[in-house]
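Below is one structure, written out as structure tokens; comments come after it.
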Amino acid sequence: MPQTTIDARNLTKRYADGQAQLLAVHDISLQAMPGESIAIMGPSGCGKSTLLRMIGLSMKPTSGSLLLQGLPAPENDKDRSAWRNRMFGFIPQDYAILEDEPAWANVAIPMEYAKPGIKRAERKQRATAALEQVGLAGKARRMPRQLSGGERQRIAIARATVMHPAIIIADEPTAALDTHTADTIMTMLLAQCRQGATLILATHDPRVAAQCDTTLTMRDGAFI
Ligand SMILES: Nc1ncnc2c1ncn2[C@@H]1O[C@H](COP(=O)(O)OP(=O)(O)OP(=O)(O)O)[C@@H](O)[C@H]1O
């Protein structure tokens, strides 16, 4: 039996909401294998981003357990940060592009955390190659403001995949994109799965979800 990449059991998250508490994610279990793609759907506010943040180790669950590649997710912040850098590629909802850095330097960010370190010249060369793979050959030195929305999104994809992470987490990776660009983005992400990555994405777009192996639908913090 091959090793699961993600094995989440009974994840629950409560946010403090003034005096009250908001149950954002309730008792969710989820397993994913290498090469698998999973789409999480559901209305705005149903808890998709919260679930992705817990799986991506940027937020601790209130209760529940998480195994990544068969090992329990660490508790202390230093180890969580090291795991995050080593194991994940993230495509956040707002892409989180650094405006004062050229495209290649944005893509090179995950390499700065690599151990052993990667020299600047090699970081630049690998980032440029990653940009070529997402169709941005020749644009490595452009500043983000000189690029279109779809091109900025491709920078985020190149940045998330440049280290070939075991898990890619994408929060609405095709939001606000035209159908053709959305399809191109999905083709790129699914190509990573064929190389063994696990992809887990949140989307409102049924066309995007249909391209994934599995679609899970959330409502009020739980799968339905
Ligand atoms: N840091 C926070 N503190 C308190 N409440 C939060 C926090 N983050 C999210 N919430 C609340 O938790 C619930 C789930 O939010 P979440 O962002 O996970 O939903 P979502 O399904 O990703 O929504 P969308 O599709 O609009 O991005 C919402 O009611 C939201 O207001």
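The values are calculated or read from the model by the stated rules, or taken from the named source; none is laboratory data. Predicted model only: the values in this text are computed from it and were never measured. Every residue, glycine as well, gets a Cβ built from its backbone with ideal geometry; the counts of neighbours run over all protein chains shown. All accessible areas refer to the heavy atoms of the entire protein, side chains included, with ligands and DNA or RNA removed. Shrake-Rupley method; radii C 1.70, N 1.55, O 1.52, S 1.80 Å.
Residue check: residue 170 meets all listed conditions (1) crowded, with 21+ Cβ neighbours inside 10 Å; (2) more than 12 Å from the chain's Cα centre (by Cα) but one, namely (2). Only strands (runs of 3 or more DSSP E) whose full extent lies in region 119-219 are considered here, and the ones with at least 1 residues that are charged (D, E, K, R) and in contact (Cβ under 8 Å) with a residue 60 or more places away in the chain are 167-171, 214-219.
Residues of region 154-187 that are away from the ligand (no atom under 16 Å from the Cβ) and touching a Phe, Trp or Tyr at 6+ places or on another chain (Cβ under 8 Å): 155, 156, 160, 165, 166, 167, 168.
Filter region 70-86 for residues that are of a type in the set (S, T, N, Q) and touching a Pro at 6+ places or on another chain (Cβ under 9 Å) and give the result.
From region 70-86, those of a type in the set (S, T, N, Q) are 76, 81, 85; that's our starting set.
Residue satisfying the conditions is 85 alone.
Scoring residue 15 on the criteria (1) near the ligand (Cβ under 9 Å from one of its atoms); (2) closer than 19 Å to residue 215 by Cβ; (3) not hydrophobic (A, V, I, L, M, F, W, C) leaves a single failure, condition (2).
Of all the listed residues (8, 32, 24, 39), the sole one being of a type in the set (A, V, I, L, M, F, W, C), open to solvent by less than 50 Å² (accessible area, probe 1.4 Å), touching a residue at least 12 places away in the same chain (Cβ under 8 Å) and within 11 Å of the ligand (Cβ to nearest atom) is 24.
This table checks each residue for (1) of a type in the set (Phe, Trp, Tyr); (2) closer than 27 Å to residue 175 by Cα; (3) open to solvent by less than 60 Å² (accessible area, probe 1.4 Å).
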position: 55; (1), (2), (3): no, yes, yes
position: 66; (1), (2), (3): no, no, yes
position: 85; (1), (2), (3): no, yes, no
position: 91; (1), (2), (3): no, yes, yes
position: 103; (1), (2), (3): no, yes, yes
position: 126; (1), (2), (3): no, no, no
position: 143; (1), (2), (3): no, yes, yes
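Just one of (1) open to solvent by less than 80 Å² (accessible area, probe 1.4 Å); (2) modelled with pLDDT of 95 or more fails for residue 111. It is (2).
Any chance region 60-82 includes a residue that's part of a loop (DSSP other than H, G, I, E, B), under 30 Å from residue 141 (Cβ atoms) and within 16 Å of the ligand (Cβ to nearest atom)? No; the residues of region 60-82 include none that is part of a loop (DSSP other than H, G, I, E, B), under 30 Å from residue 141 (Cβ atoms) and within 16 Å of the ligand (Cβ to nearest atom).
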